[in-house]
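Chemist: Quick one: structure below, then a few questions.
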Amino acid sequence: MKNITEKTGQLSNFDELRRYVLADYDHQKAFSSFLPGIAGLQGIPMWAFYVNRGQAVCSFGVENKDHPILEFQAANKAYQTTALMGFRTFFNGTREGEKWHWEAFSPWDAEDAQRTMLIGMNEVEVQEINPILGYQVNVLYFMLPGMPFSGLVRRVSIKNIKDAPMTLEVLDGLPGII
């Protein structure tokens with residue numbers, strides 16, 4: 001993801017879409033931020049709070065933190081709970097007769113995975129590549145622009161990165177909402 005800029009010859013931490021690239025994000029110094037707080041045609045307030053742990057988004061809601069859809073947590077608590085209480089993705093896979101079970105972005109299963117966070121102006125994306133199990137999963141979050149209502153979009157993409165076919169069962173979502 002890092003590339004050398006043509007003019008300066010220096011390393012750049014931005015991808016081709018001008019998003020900031022943070023490799024191995026879940027092992028970096030903790031940080032948090034918000035996605036832009038206005039969505040829709042008339043500027044309908046919506047917020048999404050994310051951290052560099054788990055699948056990033058740890059809380060979101062409308063108007064202010066007193067109207068959450070996923071309960072607002074202060075950053076110090078969100079760093080600890082996002083991987084457990086935020087979005088989660090579980091796989092049951094079979095490839096060439098071998099069965100496996102895995103949780104993407106789990107802090108307990110991090111040794112085999114390569115993880116990257118990409119931060120844009122109105123988006124945050126996390127990526128996990130597992131070369132041993134042979135998959136890549138991307139989770140992209142962004143506010144829903146240009147609609148008469150506000151919304152947080154979460155798009156999950158899963159790709160088989162090995163030549164052998166794979167059968168996959170996926171369970172994805174939140175453990176609970178308010």
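Chemist: Count the lysine pairs in the chain whose Cα atoms sit under 18 Å apart, keeping only pairs 8 or more residues apart in sequence or on different chains.
Modeler: Counting lysine pairs in the chain gives 4.
Chemist: Now, a different point. Considering only protein heavy atoms, with the full assembly of protein chains and a 1.4 angstrom probe, order 158, 132, 119 by accessible area, largest first.
Modeler: Greatest to least solvent exposure: 132, 158, 119.
Chemist: With charges only on Cβ, +1 for K and R and -1 for D and E, what is the dipole size of the chain about its Cα centre, in debye, rounded to 20?
Modeler: Once rounded to the nearest 20, the dipole reads 360 debye.
Chemist: While we're looking at this one, here's another question. State the percentage of accessible surface on segment 96-136 attributable to carbon and sulfur atoms; use a 1.4 Å probe and exclude ligands, DNA and RNA.
Modeler: 51 percent
Chemist: Not counting the cut sites, what is the longest span of the chain without GluC sites (Glu not before Pro) that DSSP labels loop and that have at most 10 other Cβ atoms within 10 Å?
Modeler: Free of exposed loop sites, the longest segment is 17-95.
Chemist: For segment 82-162, which trypsin sites (Lys or Arg not before Pro) pass both filters: DSSP loop (anything but H, G, I, E, B) and at most 13 other C-beta atoms within 10 Å?
Modeler: Answer by residue number: 162.
Chemist: Quick check on segment 17-99: take the gyration tensor over C-alpha atoms, sort the square-rooted eigenvalues as a ≥ b ≥ c, and tell me if it's rounded (a/c under 1.5), prolate or oblate.
Modeler: Prolate.
Chemist: To the nearest 500 deg cm²/dmol, what mean residue ellipticity at 222 nm is calculated for the chain from DSSP H runs of n ≥ 4 alone, each contributing -39,500 (n - 2.57), summed and divided by the residues?
Modeler: -2000 deg cm²/dmol
Chemist: Further question on the same structure: Accessible area per residue for segment 65-166 in Å², computed with a 1.4 Å probe and the full protein assembly in place, what is it?
Modeler: 52 Å²
Chemist: Rounded, prolate or oblate: which one fits the chain, using the alpha carbon gyration tensor with axes a ≥ b ≥ c (rounded when a/c is under 1.5, else prolate when a/b beats b/c, else oblate)?
Modeler: Because a/c hits 1.5 or more and a/b fails to exceed b/c, the chain counts as oblate.
The values are calculated or read from the model by the stated rules, or taken from the named source; none is laboratory data. Nothing here was measured: the structure is a model prediction, and the numbers come from that model. Using ideal geometry, Cβ is built from the backbone for each residue, glycine included, and neighbour counts are taken over all protein chains shown. The protein model used for the area step is the full one, side chains on, heavy atoms only, and it has no ligands, DNA or RNA in it. Shrake-Rupley method; radii C 1.70, N 1.55, O 1.52, S 1.80 Å.
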